[in-house]
Number of protein chains: 2
Amino acid sequence: MHTDPTGARRGKLTTPHGVIETPVFMPVGTAATVKALTQDALEELGAGIILANTYHLYLRPGHELIRKLGGLHAFMAWRKAILTDSGGYQVFSLSELRKVTDEGVRFRSHLNGSEHLLTPEKAAEIQLALGSDIAMVLDECIETPAPRNVAEAAVRRTTEWASRARKFFLQGAQRNGDPAQWQFGIVQGATFADLRRESARQLLEFDFPGYAVGGLAVGEPHELTCEMAAEVTSLLPEERPRYLMGVGRPEQLADYIARGIDMMDCVLPTRAARHACLYTSEGRVLIKNARYIEDQRPIDPNCGCSVCKRYTRAYLRHLFAAGEITAAILATHHNVRFYLDIMGQIREAMTFGHLANFALELRARYAAGPA
Amino acid sequence: MHTDPTGARRGKLTTPHGVIETPVFMPVGTAATVKALTQDALEELGAGIILANTYHLYLRPGHELIRKLGGLHAFMAWRKAILTDSGGYQVFSLSELRKVTDEGVRFRSHLNGSEHLLTPEKAAEIQLALGSDIAMVLDECIETPAPRNVAEAAVRRTTEWASRARKFFLQGAQRNGDPAQWQFGIVQGATFADLRRESARQLLEFDFPGYAVGGLAVGEPHELTCEMAAEVTSLLPEERPRYLMGVGRPEQLADYIARGIDMMDCVLPTRAARHACLYTSEGRVLIKNARYIEDQRPIDPNCGCSVCKRYTRAYLRHLFAAGEITAAILATHHNVRFYLDIMGQIREAMTFGHLANFALELRARYAAGPA
């Protein structure tokens, strides 16, 4: 492990599906596909780990089917690493009629209204069936800003759930004969520094091989997100990976890494791509804008991706104007490459102890304008 | 040129953008993109020529823009050959309030209702601006079955338009200094053999470098399509390419080729793909069908495409069920490969004089079931 003056760390995560250089950004492959990218394209882009959503895969096609077909790697023909979330976040954000009790979360599917109960054990069971390299515990996600008593209760429940999930997962992993599958704990505590610390301390008792920081970047100021992340990482064992869930914007990535974060995921590069927002080394390009009608430059003259090597902004703009599927393919390809490139640049900056400067540079480029 | 006992011909079409083995199938790239395929993918698939739609490109992004950006090849970053249609067929099938006079076709855009006049000269001018390797004359498309007097009038007008289009195109091509761009005539005549022959004879006077058979495969019985194609090709000069527009189903391709056809295009492989209909060496696979839920075989065990090498039917089915863009990408890739493979097999069968047998085999595999 190599550390930067900021406290940022470079390291390697060794999974059954490859060694991953950290800090790492994980493209989101919600329903066992990164929208608009083939697995060949992901390999070409150099993605070493992707995230898949347990909630979506549980509802469709179902984890038992995926288990039967050899697990998620075999199902989607992806040879590199996969992290699955617990399903909790989607239950809280997508499903209807959710009801949280100590037992778990009862909810109705957003697809067909069918009723389900997601417990810490169930979330672990699903992920054992999926066979992801990294599974996440079920945590209680609360709306923010949250009153202190609500945040306290969520921390308490998250710890209880983590305890049950850990026990269930370790037994299940042993049965699977696959101790290489990891399970990470998730630190909650909303925006209360002491609750964050308390949550972290409680989870440390379960000896997770990695820890996530959950419930952040959900509307609070960026500085507060960074502060909470720093509170948590300062307590976590140095040799274990730390994952900040659901972040972030390009100009924020270095800030999180400077707080000791190793792993991140976000739908932003892929979702923005489908909405014609392209990231470049000179800032955002909203490619539907009329100013690009005759623009014969590549999306990003400084990008080496196969899209920038071949196509012009004028062509991309036309594809979006015409509502062509190819627009989503090309834009997603470029944006994912952009995020992976930023991470590569961050890792390099860290090698030379220049992360703080690079973070400033990123902010200058992207902090203005839409996400 | 190599001929089969059926009268089918193998040949080579030398364009400014590569040499194409005929008979050839041209994937349809309506709006300067083959829907859901990148140009890299088209190259991987070995497509040597694609078709683009003049009507769509004229309306959006506009032929003057494409001219300014260096022509269609540069605009869409496609280095191989392109054939553009005249726009007539889409005017007749997509636009509103169309009115045909000797001058041309007046119509309203299906996009925004704006009014336009497509004349033989205009269709040629647009295609000169696009710089396709092969341009088509504007012909009058009529509904079939057509009364004889309507078909007669359409033949007469098609010839008059061809005369004007030829003159305009040759002058324009000379101005462009690009005599390598070809313009093909289009034989009309509905399902009247004598009108087809008459139309062909009249067009021969304009000495087109290639001839198309238009207005077929629009609902009439397949045998009649074949008969009309044969009537026309029997009159055409042997050394010039013949193109049957808008065909066809996999089981029909060899039949047309047996009537002396060299070039074909059809939206079927790409459109069917987006509707979850996959072609295989064992017939059609309607991949959304529940029977494929656990099917771990590739789409087609006998296919060597990158999709069949990597993914299972179960995965494809899941992607379609989830409405994922990746479903369209993978399915289109496979179906285009399937069509190009069929053409390769047809060319090989011809080398050995076995086309008639191969045509029977194709019919046995695909004639049942939906398109």
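The set of residues in region B:304-320 being open to solvent by less than 10 Å² (accessible area, probe 1.4 Å) and within 7 Å of another protein chain (Cβ to nearest Cβ) consists of B:TYR311, B:ALA314, B:TYR315, B:HIS318, B:LEU319. Just one of B:GLY185, B:GLY177, B:GLY172 is under 30 Å from B:HIS17 (Cα atoms), open to solvent by less than 20 Å² (accessible area, probe 1.4 Å) and over 23 Å from the mean Cα position of the chain (by Cα); which is it? So the residue among B:GLY185, B:GLY177, B:GLY172 that is under 30 Å from B:HIS17 (Cα atoms), open to solvent by less than 20 Å² (accessible area, probe 1.4 Å) and over 23 Å from the mean Cα position of the chain (by Cα) is B:GLY172.
Inspect all residues belonging to region A:282-303 and state whether any of them is open to solvent by 20 Å² or more (accessible area, probe 1.4 Å), at the interface with chain B (Cβ under 9 Å from one of its Cβ atoms) and not β-branched (Val, Ile, Thr). Yes, there is a match, as at least one residue in region A:282-303 is open to solvent by 20 Å² or more (accessible area, probe 1.4 Å), at the interface with chain B (Cβ under 9 Å from one of its Cβ atoms) and not β-branched (Val, Ile, Thr).
When A:LEU203, A:LEU278 are checked against the criterion of being aliphatic (A, V, I, L, M) and in contact with a His (Cβ under 9 Å, 6 or more places away or on another chain), a single residue qualifies: A:LEU278. Within region A:223-236, the residues that satisfy the criterion of being surrounded by fewer than 23 Cβ atoms within 10 Å (Cβ to Cβ) and touching a helix residue (DSSP H, G or I) at 6+ places or on another chain (Cβ under 6 Å) are A:CYS226, A:GLU231, A:LEU235. If you go through region B:81-110 and keep only what is at pLDDT 90 or above, open to solvent by 10 Å² or more (accessible area, probe 1.4 Å) and not in a helix (DSSP H, G or I), you end up with B:ASP85, B:LYS99, B:VAL100, B:THR101, B:ASP102, B:GLU103, B:ARG106, B:ARG108, B:HIS110. Restricting B:TYR243, B:TYR256 to residues that are open to solvent by less than 10 Å² (accessible area, probe 1.4 Å) and outside any helix (DSSP H, G or I) narrows the list to B:TYR243. I'd like to know if region B:328-339 contains one or more residues that are crowded, with 19+ Cβ neighbours inside 10 Å and more than 30 Å from A:LEU65 (Cβ to Cβ). The answer is yes, given that some residue of region B:328-339 is crowded, with 19+ Cβ neighbours inside 10 Å and more than 30 Å from A:LEU65 (Cβ to Cβ). Within region B:43-67, the set of residues being at the interface with chain A (Cβ under 9 Å from one of its Cβ atoms) and open to solvent by 30 Å² or more (accessible area, probe 1.4 Å) comprises B:HIS56, B:ARG60, B:PRO61.
So which helices (runs of 4 or more DSSP H) stay within region A:266-321 end to end and still have 3 or more residues that are touching a residue at least 40 places away in the same chain (Cβ under 8 Å) and hydrophobic (A, V, I, L, M, F, W, C)? Can you show your working first?
Values: elements: A:268-274, A:306-310, A:313-321.
Here the list reads A:268-274.
Look at region A:58-71: where a residue is in contact (Cβ under 8 Å) with a residue 60 or more places away in the chain and a partner is not in a helix (DSSP H, G or I), sitting 6+ places away or on another chain with Cβ atoms under 7 Å, you get A:TYR58/A:GLY87; A:GLY71/A:GLY131. For region A:6-42, taking the residues that are open to solvent by 10 Å² or more (accessible area, probe 1.4 Å), closer than 23 Å to B:THR332 by Cβ and not in a loop (DSSP other than H, G, I, E, B), the one that is farthest from the other protein chains (Cβ to nearest Cβ) is identified as A:ALA41. Inspection of region A:133-146 finds a residue satisfying the criterion of being modelled with pLDDT under 95 and among the small types (Gly, Ala, Ser).
Among the candidates A:GLY70, A:GLY113, which residue alone is within 11 Å of chain B (Cβ to nearest Cβ), open to solvent by 10 Å² or more (accessible area, probe 1.4 Å) and assigned to a loop (DSSP other than H, G, I, E, B)? Give the derivation first.
Details: A:GLY113 fails: within 11 Å of chain B (Cβ to nearest Cβ).
The match here is A:GLY70.
Here B:GLY323 passes the criteria (1) open to solvent by 30 Å² or more (accessible area, probe 1.4 Å); (2) within 14 Å of chain A (Cβ to nearest Cβ); (3) more than 21 Å from A:LEU57 (Cα to Cα); (4) out of contact with any Pro (no Cβ under 8 Å at 6 or more places or on another chain) except the one numbered (3).
Scanning region A:196-216 for residues that are more than 22 Å from A:ALA124 (Cβ to Cβ) and crowded, with 22+ Cβ neighbours inside 10 Å gives A:ARG196, A:LEU216. Screening the candidates A:ALA349, A:ALA328 for the property of being out of contact with any Cys (no Cβ under 8 Å at 6 or more places or on another chain) and at the interface with another protein chain (Cβ under 8 Å from one of its Cβ atoms) yields one hit, A:ALA328.
Let's see how each residue does on (1) of a type in the set (Lys, Arg); (2) within 27 Å of A:ARG79 (Cβ to Cβ):
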residue: B:ALA276; (1), (2): no, yes
residue: B:ILE293; (1), (2): no, yes
residue: B:ARG317; (1), (2): yes, yes
residue: B:ILE346; (1), (2): no, no
residue: B:LEU360; (1), (2): no, no
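In region A:322-367, of all residues being assigned to a helix (DSSP H, G or I), out of contact with any Lys or Arg (no Cβ under 9 Å at 6 or more places or on another chain) and of a type in the set (Gly, Ala, Ser), the one that is farthest from A:MET263 (Cα to Cα) corresponds to A:ALA364. Among the conditions (1) within 14 Å of chain A (Cβ to nearest Cβ); (2) over 18 Å from the mean Cα position of the chain (by Cα); (3) of a type outside the set (D, E, K, R); (4) part of a loop (DSSP other than H, G, I, E, B), the only one that B:PHE75 does not satisfy is (4).
Total residues in region B:72-103 satisfying the condition of being free of Cβ contacts under 8 Å to residues at least 60 places away in the same chain and among the aliphatic types (A, V, I, L, M): the figure is 7.
Filtered by the rule that a residue be in contact (Cβ under 8 Å) with a residue 24 or more places away in the chain, crowded, with 21+ Cβ neighbours inside 10 Å and part of a helix (DSSP H, G or I), region A:120-147 gives A:PRO120, A:ALA123, A:ALA124, A:ILE126, A:GLN127, A:LEU128, A:ALA129, A:LEU130. Looking across region B:165-212, just one residue is more than 21 Å from B:THR15 (Cβ to Cβ) and in a strand (DSSP E or B), and that is B:VAL187. Reported count of residues in region B:355-369, each being more than 13 Å from B:SER281 (Cα to Cα) and without any contact (Cβ under 8 Å) to a residue 24 or more places away in the chain, is 2.
The values are calculated or read from the model by the stated rules, or taken from the named source; none is laboratory data. This structure is a prediction, so every number in the text was calculated from the model and none was measured. Ideal geometry is used to build each Cβ from the backbone, glycine not excepted, and the neighbour counts take in all protein chains shown. Keep in mind that these areas ignore ligands, DNA and RNA; they rest on the heavy atoms of the full protein, side chains included. Shrake-Rupley method; radii C 1.70, N 1.55, O 1.52, S 1.80 Å.
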